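Participant: Take a look at this one; I'll ask things after.
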Amino acid sequence: MTAVDQSAPQPRAAEEGAAPLVSVRGVHTHFPVRGGVLRRTVGQVRAVDGVDLDIMRGETLGLVGESGCGKSTLGRTILRLIPPTSGQITFDGTDITGLRPERMKAMRRHMQLIFQDPVGSLNPRMTVRNIIGEALLAHGLHSRQERHDQVRDIMRSVGLDPDAGGRYPHEFSGGQRQRIGIARALVLRPGFIVADEPVSALDVSIQSQVLNLLVDLKRRFALTYLFVAHDLAVVDYVSDRVAVMYLGKVVEIADSVSIRERPLHPYTVALLSAIPQPRPGGARQRIVLAGDVPSPLAPPSGCRFRTRCPIARPVCAELEPPLESKAPGQSVACHFSGELEVAA
Amino acid sequence: MTALLDVKNLRTHFHTTSGVYRAVDGVDLTVHAGRTLCVVGESGSGKSVTALSVMGLIDAPGQVQPGSEIVFDGRDLLRLPERQLRSIRGRDITMIFQEPMTSLDPVYTVGYQIAEAVRAHNDVDRKGATERAIELMRLVGIPSPERRIHDYPHQMSGGMRQRVMIAAALSCDPKLLIADEPTTALDVTIQAQILELMKDLRDRLGTAILMITHDLGVVAEMADDVAVMYAGKVVETGSVTDVFNRPQHPYTEALLQSVPVLGMSKEHPLRVIQGMVPSPLNWPTGCRFAPRCTEAFDRCREELPPLFTVDDQRSACWLCETGARGSAGVEEIYR
């Protein structure tokens, strides 16, 4: 395991031929729905329903979609916090799908999670020092003094006062609490971080502090991010590549410039056009999608987006479009990709 | 332009055991008939309390302080007897909230709840009210309203519930609709639906809107006029194009620069506003933004600046005392 050698910062990723750090193949994560007096399984919530994804060493892959599309479940499945129903997840060349608990634990040092809610994810009865240092303790790393130093070190790196380690989470503001969450994820010096909506609970002025910090830390610690968020503008700002999810599937994946400038899937086009831009008078043509996201209990046949798609045709109900390469570095799952356009 | 709502020196304080929270502390706002004013600010800036004060929904320990004025259609709401206030509230002024699930009663059908709003202010029988409810649901784009009136709130999606709230709010042709973060809980494609609906209704019915939001994109899309709030005060007001293109208050400028926008260069870090919003228990003396302001000087820390008029804008910054301040607006930021 030499995945996280800090002394060798990785160059910007996604070069041809380079092996991905994380590789996801055919992953499904279903949750049973129980009903009736016997609590029998009456259905499956197909939160993640067949995803293939590569995350290159050193890149930030943005994962964007609306609530219920399965983006957080996918992030947690990749970390194996939720066991996948089927499929394979490879981390740094090791298949972690069926890894035994003790080997998985060792693997976890190299992959960490940053949570959305900086209040709910911090134990209110533990001091910040113990919250951050707990992971070191759990992995049996370092002596007491070294742990102490490591915690102070990482607190300084994320912009917290190391002398505040004896205080409790409620004594910190929202932005600082998110820094505590980031310090806890980084103290093990992992190579891979899943950031699950890390800024969506924060105010605008605090959000920019945390985003800048995440970008800065990535450079300093040579990190690879899976950045999960619903806000496409935020994802666009931090990501090298962006994957768009809809109802348990990736519908489009490409570098962030292509996603922004030349989106090919009608859902990506609509999602982009739905974002209100902070420029008055700059009215763009907007595609307003009708209706709501269908239930992941019973996704539509064929293409899942067809019920809301402005360009759906009969074939979309019959044949599920595969995720195929439609342009260099850009894969799309649509029979009529590129046909829906928005005037700038 | 006639002022439909004129709020002057509104101060709403909360008396608690830990002290007096001066949540709203001297707010001036004007909503013109048929226009949309967006009040924008971060959490704790007092924007929601401002809206609740206008609606007369402040309960103990909160209190609108003497000397505040809320003039609606020529009458000061703070001086009206409760009975007259009730005939205005819910009829001439209505309000929708952020989370439609908590504002709707889970044990009544949505049709019943809209009809109830209709009957509260109109002299109609139950049948007439139900018909009006169906009509309103059609107006806000709920498909097959004859069937959906029998739905309970939990049977509807978030976007549909917000449409129900809007239908109930429009039941008496209000002159002013107050919307407190109406799309914050919704997904972006559903938000787009609701914003389009609100714009369409505004154009068709001529309702003035006072909208509270933290999202600058929503402001740019919806507003005619904007008021930027910080620490219980309005720091800048003006037309949305003026304020966004040449913000006069350093806080407005910093706020505009700290939001990531699609297609923004990744080479430059986002603008950061250092520190955090001060506590309403203990606002700083002088300009309340001074401790976080990069342009603050001695006077800012000592004396609270009033709203200075700069062309068609107003800005509460000492730098604007003698006229416009050079600033970077959205046009410079985004290209």
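The values are calculated or read from the model by the stated rules, or taken from the named source; none is laboratory data. Keep in mind the model is a prediction, meaning the values are calculated, not measured. Because the Cβ atoms are built from the backbone with ideal geometry, glycine has one as well, and the counts that use them run over all protein chains shown. Just so you know, the surface numbers come from the protein's heavy atoms only, side chains and all, with ligands and any DNA or RNA stripped out. Shrake-Rupley method; radii C 1.70, N 1.55, O 1.52, S 1.80 Å.
Participant: Take the stretch B:46-66 and flag every residue that is part of a loop (DSSP other than H, G, I, E, B) and surrounded by fewer than 21 Cβ atoms within 10 Å (Cβ to Cβ).
Facilitator: Matches in the stretch B:46-66: B:G56, B:L57, B:I58, B:D59, B:A60, B:P61, B:Q65, B:P66.
Participant: In the stretch B:159-195, how many are open to solvent by 20 Å² or more (accessible area, probe 1.4 Å), facing chain A (nearest Cβ under 8 Å) and closer than 24 Å to B:Y108 by Cα?
Facilitator: 1
Participant: I'd like to verify a number: residues in the stretch A:226-250 that are closer than 16 Å to A:T73 by Cβ, open to solvent by 10 Å² or more (accessible area, probe 1.4 Å) and within 14 Å of chain B (Cβ to nearest Cβ), how many?
Facilitator: 1
Participant: Tell me which of these B:W318 doesn't satisfy, since it passes every other one: (1) open to solvent by less than 50 Å² (accessible area, probe 1.4 Å); (2) more than 28 Å from B:H32 (Cβ to Cβ); (3) in contact with a Lys or Arg (Cβ under 6 Å, 6 or more places away or on another chain); (4) at the interface with another protein chain (Cβ under 10 Å from one of its Cβ atoms).
Facilitator: That leaves (4) as the condition not met.
Participant: Does at least one position in the stretch B:240-260 carry a residue that is out of contact with any His (no Cβ under 8 Å at 6 or more places or on another chain), within 20 Å of A:G174 (Cα to Cα) and assigned to a loop (DSSP other than H, G, I, E, B)?
Facilitator: Looking through the stretch B:240-260, at least one residue is out of contact with any His (no Cβ under 8 Å at 6 or more places or on another chain), within 20 Å of A:G174 (Cα to Cα) and assigned to a loop (DSSP other than H, G, I, E, B).
Participant: Next up: Which one is surrounded by the most Cβ atoms within 10 Å (Cβ to Cβ) among residues in the stretch A:267-313 that are facing chain B (nearest Cβ under 10 Å) and on the phi > 0 side of the Ramachandran plot?
Facilitator: Applying the filter and picking the extreme gives A:G291.
Participant: Condition first: of a type in the set (K, R), surrounded by 22 or more Cβ atoms within 10 Å (Cβ to Cβ) and over 16 Å from A:R241 (Cα atoms). Now tell me which residues in the stretch A:43-81 satisfy that.
Facilitator: A:R46
Participant: Any residue that is within 12 Å of chain A (Cβ to nearest Cβ), polar (S, T, N, Q), in contact (Cβ under 8 Å) with a residue 24 or more places away in the chain and not in a strand (DSSP E or B) - is there at least one of those in the stretch B:205-222?
Facilitator: No: zero hits.
Participant: Only helices (runs of 4 or more DSSP H) wholly contained in the stretch B:86-179 count here; list those with 3 or more residues that are of a type in the set (A, V, I, L, M, F, W, C) and touching a residue at least 40 places away in the same chain (Cβ under 8 Å).
Facilitator: B:110-121, B:158-169
Participant: Looking at A:L264, is it crowded, with 23+ Cβ neighbours inside 10 Å, touching a residue at least 40 places away in the same chain (Cβ under 8 Å) and either within 12 Å of chain B (Cβ to nearest Cβ) or over 18 Å from the mean Cα position of the chain (by Cα) (or both)?
Facilitator: Spelling it out, A:L264 is indeed crowded, with 23+ Cβ neighbours inside 10 Å, touching a residue at least 40 places away in the same chain (Cβ under 8 Å) and either within 12 Å of chain B (Cβ to nearest Cβ) or over 18 Å from the mean Cα position of the chain (by Cα) (or both).
Participant: Another one. Restricting to the stretch A:179-236, what's the tally of residues that are on the phi < 0 side of the Ramachandran plot and assigned to a loop (DSSP other than H, G, I, E, B)?
Facilitator: 13
Participant: From the residues in the stretch A:251-261 that are more than 10 Å from chain B (Cβ to nearest Cβ) and open to solvent by less than 10 Å² (accessible area, probe 1.4 Å), which one is farthest from the chain's Cα centre (by Cα)?
Facilitator: Only one residue tops the list, namely A:S258.
Participant: Now for a separate question. Quick one: which strands (runs of 3 or more DSSP E) lie wholly within the stretch B:1-45 and hold at least 3 residues that are open to solvent by 10 Å² or more (accessible area, probe 1.4 Å)?
Facilitator: B:3-16, B:19-32
Participant: Let me ask something additional. Return yes or no: is B:I70 more than 20 Å from the chain's Cα centre (by Cα) and at pLDDT 90 or above?
Facilitator: It is false that B:I70 is more than 20 Å from the chain's Cα centre (by Cα) and at pLDDT 90 or above.
Participant: Has the stretch A:94-108 got at least one residue that is open to solvent by 20 Å² or more (accessible area, probe 1.4 Å), in contact (Cβ under 8 Å) with a residue 24 or more places away in the chain and under 30 Å from A:S173 (Cβ atoms)?
Facilitator: Checked against the condition, which is being open to solvent by 20 Å² or more (accessible area, probe 1.4 Å), in contact (Cβ under 8 Å) with a residue 24 or more places away in the chain and under 30 Å from A:S173 (Cβ atoms), the stretch A:94-108 yields at least one hit.
Participant: With A:A333, A:A312, A:A298 as the choices, which residue is more than 26 Å from A:D216 (Cα to Cα) and free of Cβ contacts under 8 Å to residues at least 40 places away in the same chain?
Facilitator: Sole residue among the options that is more than 26 Å from A:D216 (Cα to Cα) and free of Cβ contacts under 8 Å to residues at least 40 places away in the same chain: A:A312.
Participant: If a residue must be of a type in the set (K, R), surrounded by fewer than 22 Cβ atoms within 10 Å (Cβ to Cβ) and closer than 26 Å to B:S258 by Cα, how many such residues does the stretch B:196-247 contain?
Facilitator: 0
Participant: If you take the residues of the stretch B:135-155 that are among the aliphatic types (A, V, I, L, M) and open to solvent by 10 Å² or more (accessible area, probe 1.4 Å), which of them is nearest to B:T207 (Cα to Cα)?
Facilitator: Residue satisfying both the conditions and the ranking: B:L139.
Participant: Among the listed residues B:E236, B:E295, B:E253, which satisfies the condition of being touching a strand residue (DSSP E or B) at 6+ places or on another chain (Cβ under 8 Å) and among the acidic types (D, E)?
Facilitator: One residue alone meets the criteria, B:E236.
Participant: Looking at (1) open to solvent by 10 Å² or more (accessible area, probe 1.4 Å); (2) in a strand (DSSP E or B), find the lone condition where A:R152 falls short.
Facilitator: It fails just one condition, (2).
Participant: Hey, B:V226 hits all of (1) outside any helix (DSSP H, G or I); (2) within 25 Å of B:I166 (Cα to Cα); (3) more than 11 Å from chain A (Cβ to nearest Cβ) but one; which does it fall short on?
Facilitator: Going through the list (1) outside any helix (DSSP H, G or I); (2) within 25 Å of B:I166 (Cα to Cα); (3) more than 11 Å from chain A (Cβ to nearest Cβ), B:V226 breaks only (3).
Participant: Here is a further query. If I filter the stretch A:215-224 for residues that are touching a helix residue (DSSP H, G or I) at 6+ places or on another chain (Cβ under 9 Å), without any contact (Cβ under 8 Å) to a residue 24 or more places away in the chain and not charged (D, E, K, R), do I get at least one hit?
Facilitator: Checked the stretch A:215-224: at least one residue is touching a helix residue (DSSP H, G or I) at 6+ places or on another chain (Cβ under 9 Å), without any contact (Cβ under 8 Å) to a residue 24 or more places away in the chain and not charged (D, E, K, R).
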